[in-house]
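Every read-out reported here was derived from the displayed coordinates using simple, explicitly stated rules and does not represent laboratory data. It should be emphasised that the depicted structure is a prediction, and the values quoted were computed from it without experimental measurement. Cβ placement follows ideal geometry from the backbone for every residue including glycine, while neighbour counts extend to all protein chains displayed.
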Amino acid sequence: MKTVFEKSVKGRRGVQPSALDVERYDYESYRLREELVLPELSEPEVAAHYTALSKRTFGVDDGFYPLGSCTMKYNPKLHEEIAALPGFANAHPLARADKVQGCLAVIDTLSAYLAGITGMDGVTLQPCAGAHGEYTALLMVRAYHRSRGDEKRTKVLIPDSAHGTNPASAVMAGFEVVTLRSAPDGSVDLDDLKAKAGEDTAALMLTNPSTLGLFEKNVLEIAGIVHGAGALMYYDGANLNAIMGVVRPGDMGFDLVHLNLHKTFSAPHGGGGPGSGPVCCKAELTPFLPDPQIVRTEKGFRFGRGDWSVGRVSAFYGNFGVYVKALAYIVALGGKGLREAAETAVLNANYLREKISYFYPVGDRRCMHEFVLSMRRLRDETGVTAADVAKGLIDRGIHPPTMYFPLIVEDALMFEPTETASKEMLDAAADALKEIIALAYSDPDALRSAPHTTPVRRPDEAAAARNPVVKG
Amino acid sequence: MADYLSITDAERAEMMKLLGITKISELYSDLPRELRRKKFALSDGRSQQETYAALAELAAKNATYRSIFRGAGSYHHYIPSAVKSIVSREEFLTSYTPYQPEISQGLLQATFEFQTMMCELTGMDVATASHYSGATAAAEACVMCADRSRPVVTFDNIDPDTLETLGTYLKARGIELKVLHAGDGSAQYPSGTGAGAVYFESPNYYGILEDVNGLTSAAKAEGAKVIVGCNPLSLALFKSPGECGADVAVGDAQPFGMPMSFGGPYLGYMAARKEFIRKLPGRIVGETTDADGRRAFVLTLQTREQHIRREKATSNICSNQAHCALTAAVYLSLTGPQGLKEVATKCASNAHYLARELSHAGAKLFYEGEFFHEFVTVTPGKASKITAALERKDILGGLPLDKHRILWCCTEMNGKADMDEVVKTVKEAL
């Protein structure tokens, strides 16, 4: 398909601004650019171009989307309408606090809900994505230890099953990463933890349920070891969808958590963002939350700053429009609805796992909201890889699961159906997978050359990286 | 209560039967007993209608203005209906990061086109897919360009949120940040700062156009990398940072179709010379060919990224502001070069008209430098009195910087009648 630049026709116009009604101001010519090349199209052509592009994109409403670790649940249409209300959409972030009490109430109310859901005391909504929340929380960890005169805690423990953002965030926050070995079931190897947690440990970053979709059974013992070493427990909220309203990270011994409003709380992923990655923490860490903080007074809400704050991590207050959607979600579901959503997510995952687990499951325990299969045996027996299976699913109208993650499982496929998937979707996915596995043995080339129903097939990523073409 | 679930009670029972359980709680049997016993309050939910009403009530607590003269990093521009309609298509709104290129060609191509537009505006070779905000784009660009032994140098006339964010990011990496005073509102680059990287903005926080060429060559002569922050709308008119010799351009593209929305989501952008291509933080889309020789787009240079490189990644970015980048691309496709220039010209013409009229009314310009669409007036002791008088007329006036100075902004949304009313109100308040 042609790019928007290739469709451009000189002199064609789309939306035109209204005319000037004051004298036109002309800058001195030395300041001015000579040429500006942007697409020149009519509005109907622009609408047609992007509609065509949208049809080459797979959204949550287009079919089953069991992308593990990403919580691709349905995004209610109601939330878009609410976020677009002029009272929110036209609110200026630097209006006087008494003129934006509704926005401040959104921030305060959502913060209180999130503190309740996680069992924490303090909240910042400023981080704009999950990884940004990790980074913010780790800055707080550092500030906390330093405030106690403890300068030697330079290391963060991270399991080898963790998301890549964990180690990347730790380095950005100025820490060294120490990798923890996982036990075969993906849980933390307690001996390795005991050996590595010490007086140079600042925190353990833990995802629970783990990236294998299993609840960390020993979480209380882990917290005991980490706290015993004088370090903090950090909860990566990527998998909160399994347990919200059921148990709280704060009760498991965690000191800080980040959440993903765009996963767990149903704000849309937008093709990769905007997200929102609030950080919730225990009372002893609240002095280190980023500036500004919302302060509730008798006369309403205002902004305040903390003497011990880690400072600002982005402009203004973060992705406010995303908070509105998450708040609408929590208000609509209530605590009971959140719990029911978590339970249904876990039920859906276990049901799908049960239907396909005869095929290369990892471990024999019931899963939480997601599970992992290994395509290692399939590859050995047929030459068909996890990626081939994924491409086969595309031809059957299903978005592939997450591939080759977690890294501790060979040829991993990670399925997260979410609670909004219907039983028909789960059954159809099980049938599709069954059909693909059979095909792997009968006609592996049909899968190795899949997908056959898409506008392109197996783009050459190596060539793209070797010789980058990054603009038209 | 709204729930968005599709499983009926009968189906639930059937599914549980397959699993051999009688209670959902059996699925949580891995949870330690003391955790499962812990009770906490769970509230009831509300219907969609009630939820709308509850949130609309909060929205109604915010003041709405018939005209707005405040910018300072958040700009009130016209957003064509076609922008809002196109980007609300669920395929764009609800999809994930395009890891599966075969079913993400639309999103990937739109991002590629966005990168192309940002390269064109900034005069650079490569642009990333997006960053959280102009502030974090600036901070990540400074981290990319810095070396640990030399400070990053900036000025006290940049956006204050960006300055604070820079401080946070650089401190965490152990990189010194030197903030130089810009005396008359414009930055001057003194020799001998020892900077590894220099960051300045044009237009700067006070709206003034810096001498991008002069600052860039002075900093580069001493071996520093140069990062320029720009409101990308101004680049419809002015020479680009690339043309002026800068290494990296960053900023916030919120003016391209995003509502003010109380400060976010906005669109941090970053564009750079090609020698930075393998050091850049964040997602990048590249063009390639597929197995049948057709043009295709993919996420590329992923070996820079956290999911491959973990602690050796150039950034921790995973989610970015992809939908905002799409919004900007649609906006720029609709305005085209001519429309964008007209919007920028209208902003600048309105600002120069208002500045002149305010000056006649007694609110003098505080700085002399040429400006784009923001400027600072000084009225000794009267700043909050002026903005309060405007509030009473449902006008959001400029941002009071202190007791005396106000930072004003005009966009294409302001008409002559609005501006004349501002001038009249200011005159009365003085």
Check your understanding: For residue A:308 and residue A:146 in the same chain, what is the full-extension length gain: residue separation times 0.36 nm, less their Cα-Cα distance, in nm?
Key -> 57.3 nm
Review point. Do any chymotrypsin sites (Phe, Trp or Tyr not before Pro) in segment B:326-403 lie in a DSSP loop with no more than 15 other beta carbon atoms within 10 Å, and if so, which?
Key: none
Revision key, fill the gap. Asserting the computed 222 nm helical MRE of chain B (DSSP H runs at least 4 long, -39500 (n - 2.57) per run, divided by residue count, to nearest 500) equals -11500 deg cm²/dmol
Practice item. Let me have the relative contact order for segment A:78-332, percent, based on Cα pairs under 8 Å that are six or more residues apart. Key: 28 percent
Review point. Under 5 Å between amide H atoms, partner at least 5 residues away or on a different chain: which partners does residue A:232 have, H built in plane at 1.01 Å?
Key: A:203, A:204
Study note, to complete from the structure: Given unit charges at Cβ for Lys, Arg (+) and Asp, Glu (-), the dipole magnitude of segment A:124-253 about its Cα centre in debye, nearest 20, is 320 debye
Review point. If you take the charge dipole of chain B about its Cα centre, with +1 on Lys and Arg Cβ and -1 on Asp and Glu Cβ, which of B:237, B:111, B:182 is farthest toward its positive end?
Key: B:182
Exercise for review: Enter the mean number of other protein chain beta carbons within 10 Å of the beta carbon of each residue in A:27-40, as an integer.
Suggested key: 6
Review point. When the Karplus curve 6.51 cos²θ - 1.76 cosθ + 1.60 is applied with θ = phi - 60°, which whole-Hz ³J(HN,Hα) does each residue of segment B:84-97 get, with x for Gly and Pro?
Key: 4, 5, 5, 6, 7, 4, 4, 4, 6, 6, 9, 6, 8, 3
Exercise for review: May I ask for the distance between the Cα centers of segment A:165-187 and segment B:412-429, given as a whole number of Å?
Suggested key: 57 Å
**Study point:** Difference of contour (0.36 nm per residue) and Cα-Cα distance, residue B:243 to residue B:312
**Key:** 21.6 nm
Check your understanding: Suppose every K and R has +1 on its Cβ and every D and E has -1 on its Cβ; what is the size of the dipole of chain A about the Cα centre, in Debye to the nearest 20?
Key -> 660 debye
Revision key, fill the gap. Spelling it out for residue B:155: with amide H atoms placed in the peptide plane at 1.01 Å from N, the residues 5 or more places away or on another chain with amide H under 5 Å from its amide H are B:180
Exercise for review: Report the FRET efficiency, 1/(1 + (r/R0)^6), for residue B:217 and residue A:199, where r is their Cβ-Cβ distance and R0 is 45 Å, rounded to 0.05.
Suggested key: 0.35
Review point. Can you give the net charge of the other residues whose Cβ lies under 9 Å from the Cβ of residue B:377, counting K and R as +1 and D and E as -1?
Key: +2
**Study point:** Qualifying GluC sites (Glu not before Pro) for segment B:347-405 [loop in DSSP, other Cβ within 10 Å: at most 11]
**Key:** B:368
**Study point:** Highest-first arrangement of B:400-407, B:8-15, where packing means the average Cβ count within 10 Å
**Key:** B:400-407, B:8-15
Check your understanding: Which residues' amide hydrogens lie under 5 Å from the amide hydrogen of residue B:289, considering only partners 5 or more residues apart or on another chain, with H built in the peptide plane?
Key -> A:460, B:296
Practice item. Provide a whole-number value for the mean count of partner chain Cβ atoms within 10 Å of the Cβ atoms in peptide B:237-244. Key: 2
Exercise for review: Enter the mean number of other protein chain beta carbons within 10 Å of the beta carbon of each residue in A:81-87, as an integer.
Suggested key: 6
**Study point:** Footprinting exposure proxy for A:210, A:276, A:42, A:8 (fewest neighbouring C-beta atoms within 10 Å first)
**Key:** A:42, A:8, A:210, A:276
Point to revise | Length-normalised contact order of chain B in % [C-alpha pairs under 8 Å, at least 6 apart] | key: 20 percent
Practice item. For segment B:299-346 and segment B:151-178, compute the distance between their C-alpha centroids and round to whole Å. Key: 23 Å
Point to revise | Magnitude of the charge dipole, the protein assembly as shown, Cβ model with Lys/Arg +1 and Asp/Glu -1, debye to 20 | key: 940 debye
Revision key, fill the gap. Along segment B:290-297, Karplus-curve 3J(HN,Hα) (6.51, -1.76, 1.60; θ = phi - 60°) to the nearest Hz, with x for Gly and Pro, reads 9, 4, 9, x, 7, 5, 8, 10
**Study point:** Charge dipole (the protein assembly as shown, unit charges on Cβ, about Cα centre) - positive-most of B:15, B:351, A:83
**Key:** B:351
Study note, to complete from the structure: Violations at 26 Å Cα threshold for listed pairs A:10/A:471; A:99/B:385; A:73/B:171; A:10/B:274; A:7/B:225; A:194/B:279 -> A:73/B:171; A:10/B:274; A:7/B:225; A:194/B:279
Revision key, fill the gap. Between the residues B:219, B:99, B:154, the Cα farthest towards the positive end of the dipole of segment B:81-330, that dipole coming from +1 and -1 charges on the beta-carbon of Lys, Arg, Asp and Glu, is from B:99
Exercise for review: Determine which residues of segment A:430-447 fall in the zone a paramagnetic label at residue B:17 would reach in this model, i.e. backbone nitrogen under 20 Å from the point 7 Å along Cα→Cβ.
Suggested key: A:430-431
Study note, to complete from the structure: So residue A:97 and residue A:297, fully extended at 0.36 nm per residue minus their Cα-Cα distance, gain in nm 70.8 nm
